[in-house]
Amino acid sequence: MTVARRTIVGPDGRAKAYRPLPADVRATAVHEGLAAYERGDFFLAHELMEPAWMGSDDQAERALTQGLIKLAAAQVHAVRGNPRGVAKNLEGALGWLRLAADAGLVGPEGVDLPALIRDIEDRLVRPVAGSTGVGRSAGAEGSAGAEGSAETIPLVRSRR
């Protein structure tokens, strides 16, 4: 089966990959990616969710999935000891997840999106052992609380 390759324009005005997938296939990809995340296989989580992101033309759904992918990427960087990669990807995850929440999405089945957003916000400002104790502030390059932290941000489970 050949999948059409097209582009759509994202909320940032840039062309984004779009390879249409049915909603049930996208939902399965996200579910499998979240399961990999919870097992600690963050790279696989990122890879499994990427087709779901590229497979939707709904901007809110794409934002939600992109945010989850960025969260998994942040954890990959944490495992590899790359604090700048952690901070950059957490900031990206936060931006995309906020867009999804602002559009009215509540998260994939079982994930409490508002709580996840709060956890990421907390991680970005919380000092980490061995750091200078300074959280992220405007213009404070390289001082994010996320730096140096290999602690996993849990996927907060809702009571659905």
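Each value in this text was obtained by applying a stated rule to the coordinates, not by laboratory testing. In this text the structure is predicted, and so the values were computed from the model without any measurement. Here the Cβ positions follow ideal geometry from the backbone for every residue, glycine too, while neighbour counts run over all protein chains shown.
Taking other residues whose beta carbon is less than 14 angstrom from the beta carbon of L97, and scoring Lys, Arg as +1 and Asp, Glu as -1, yields -2. Simple point charges give the picture: +1 on the Cβ of Lys and Arg, -1 on the Cβ of Asp and Glu, and for segment 6-125 a dipole about the Cα centre of about 520 debye. Does segment 6-125 come out rounded, prolate or oblate, given a ≥ b ≥ c as the square roots of the eigenvalues of its C-alpha gyration tensor, rounded meaning a/c under 1.5 and, failing that, prolate meaning a/b above b/c? Since a/c stays below 1.5, the shape of segment 6-125 is classed as rounded.
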